[in-house]
1. Only one of (1) assigned to a helix (DSSP H, G or I); (2) surrounded by 22 or more Cβ atoms within 10 Å (Cβ to Cβ) fails for Thr388. Which number is that?
2. Please state which one of Ser164, Ser176, Ser194 is touching a Phe, Trp or Tyr at 6+ places or on another chain (Cβ under 7 Å) and among the small types (Gly, Ala, Ser).
3. Go through the residues of segment 356-374 one by one and say whether even a single one is open to solvent by 10 Å² or more (accessible area, probe 1.4 Å), in a strand (DSSP E or B), touching a strand residue (DSSP E or B) at 6+ places or on another chain (Cβ under 7 Å) and of a type outside the set (A, V, I, L, M, F, W, C).
4. Those residues that are within 18 Å of Leu392 (Cα to Cα) and surrounded by fewer than 23 Cβ atoms within 10 Å (Cβ to Cβ), I need them from segment 25-43; list them, please.
5. Within segment 201-226, track down each residue that is open to solvent by 10 Å² or more (accessible area, probe 1.4 Å) and either touching a strand residue (DSSP E or B) at 6+ places or on another chain (Cβ under 7 Å) or without any contact (Cβ under 8 Å) to a residue 60 or more places away in the chain (or both).
6. I want to confirm something. Restricting to segment 434-451 and keeping residues that are part of a helix (DSSP H, G or I) and surrounded by fewer than 19 Cβ atoms within 10 Å (Cβ to Cβ), which single residue is farthest from the chain's Cα centre (by Cα)?
7. Under 8 Å between Cβ atoms, which residue pairs at least 6 apart in sequence (or on different chains) link something in segment 83-109 that is closer than 17 Å to Ile133 by Cβ and free of Cβ contacts under 8 Å to residues at least 60 places away in the same chain with a partner that is outside any loop (DSSP other than H, G, I, E, B) and open to solvent by less than 40 Å² (accessible area, probe 1.4 Å)?
Amino acid sequence: MTSGSRIGIVGAGVAGLACAKVLSQAGFPVEVFDRAPDVGGVWSATRRYPGLRAQNSKTTYAFSDHPMPEDFPRWPDGQQMQAYLAGYAQQFGLGPHLRLGTEVLAADPVDSGWLLEVRDRDGVHRATCDHLIVANGVFSDPVLPDLPGAAAFRAAGGRLCHVSQFHDVEHARDRSVVVLGYGKSACDVAEAVSHIADETTVVARRLTWKMPRKLGFGVDYERLLLTRMGEAHFASRFPRLAERLLERLAFRQSNMDLLQERVTRKLRLREHDLVPTGSISEMATAGAALATEGFVEQVEAGRIAVHRDTEIVELIGGQHGPAVRLADGSLKLAELVICATGYRQEVPFLTPFVRRALTDEVGDFRLYRHILPVHVPNLSFAGYNSSTASALSAEVGAQWIAGLLTGKFVPPMPELMDTEIDERLSWSRERSDGKHAHGASVIPFSLANVDEMLDDLGTPLPLTSRLAQWVRPLRPTSYRGVLRNHAVAAPVAPATAAVADR
């Protein structure tokens, strides 16, 4: 593609903003569409729930060339994260490229690129672009379970909502609150409301392992998931020397057993019957969870009750007020039910034909390097390598897309990419029992994924920085020089030339 090729980006979250910055600096005309009135994606004010806080510290969640403000706490909250991303957009002059409050309703492939149907405050309009980047995020379409009795429950005064739709903690004051789920968002919002609710109940179909921020003995969440030594403790697809050595010496399993025991004691899980089934290594099959600070303390104080290994089977209304029925037949008063039940991984604005070409029979996305669909031209994805290093992964992914569009990087033949995708998805399904975010997650191999993209571009991280990452958590600033040196300008098209497809 050339400097005149127009780039459309769906989504103004971390990945969308990184693509806008990298590609606009490369000389491409860029337009970013987002239905929210502000940038940030999951951090938007339209989606923030009480208790939302970054899983990463401000040191590891930052872009390589835009550190977080010094006055931010080590673990920024949702409002601070949105402010950080708004500052990123301002610093790199992305404002003119943003079309906020604008939803992409449909995107149809045409010979010259894509025809978009968008809706803003003035109505429905058409727009075009030569290359489309889907950066709508892996947490964009909330799943609200279809629970029987919802109409009667609401008629009795009950409120049912997804956690991403719950924005004001005061709505829980002096009410009986039931939180459905046990992921990070469930525990975050339960802890937040438990201080003012009449009672707070967490209903968990399955308990999952969570890492405290600090574990002692120099071990913490980031040292496990954002160092090369930490990654080596998880069985990878292509074991390297250190991983094979840990396995041969039986260190991997013994270290994970020790870690599991330390977490159990630190969070006092046995005392509260909160020990999950399965190994702690399952924590990083498709996502990684940081333990919510204060959650266990609220359980100990009787402010949070956890009903484990069960689920809500019915919502109840009637003269006695709103309630829920659990699988064991018990009833629980519930004036407010907050569903922290995840998100669908979908791209509803793409045509059915395109969606079929993007996914397989079980709905897993078939993307080379989690970015490139093999059989749909002029289309790429950003942020579909869900990671514990989201900002850096998005930034390197944006450079990968820039290299692709400028011709600096030429992908393998389609047959080879299809084979690679087949093998990766098969391995990922097996290790996660199918729970791998429809193939859009690289956790716990965030560093390996970044390495892979940089190797494709011919700009690997220097050896000294790689060696430091064996014991020290990732520092995005270490990648600043590599990414700056890789920055490219789009080739200029001759005045009479047509826009070239990829």
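1. Among (1) assigned to a helix (DSSP H, G or I); (2) surrounded by 22 or more Cβ atoms within 10 Å (Cβ to Cβ), the lone unmet condition for Thr388 is (1).
2. Working: Ser176 fails: touching a Phe, Trp or Tyr at 6+ places or on another chain (Cβ under 7 Å); Ser194 fails: touching a Phe, Trp or Tyr at 6+ places or on another chain (Cβ under 7 Å).
On inspection, the qualifying residue turns out to be Ser164.
3. Yes.
4. Initially, segment 25-43 is screened for residues within 18 Å of Leu392 (Cα to Cα), giving 25, 39-43.
The answer is Gln25, Val42.
5. Matches in segment 201-226: Lys210, Arg213, Lys214, Gly216, Phe217, Gly218, Val219, Asp220, Leu224.
6. First, pick out the residues of segment 434-451 that are part of a helix (DSSP H, G or I): 437-439, 446-451.
Checking the rest, the ones that are also surrounded by fewer than 19 Cβ atoms within 10 Å (Cβ to Cβ) come to 448, 451.
Values: Ala448: 17, Asp451: 19 Å.
Top of the filtered list is Asp451.
7. Short answer, once both residue conditions are applied: none.
Yes or no, residue by residue, for (1) over 19 Å from Val482 (Cβ atoms); (2) among the hydroxyl-bearing types (Ser, Thr, Tyr); (3) in contact with a strand residue (DSSP E or B) (Cβ under 8 Å, 6 or more places away or on another chain):
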site	(1), (2), (3)
Gly383	yes, no, no
Ser390	no, yes, no
Trp400	no, no, no
Asp418	yes, no, no
Glu430	yes, no, no
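The values are calculated or read from the model by the stated rules, or taken from the named source; none is laboratory data. Since we're looking at a predicted model, the values are computed, not measured. Virtual Cβ from ideal backbone geometry, glycine too; neighbours counted across all protein chains shown. Just so you know, the surface numbers come from the protein's heavy atoms only, side chains and all, with ligands and any DNA or RNA stripped out. Shrake-Rupley method; radii C 1.70, N 1.55, O 1.52, S 1.80 Å.
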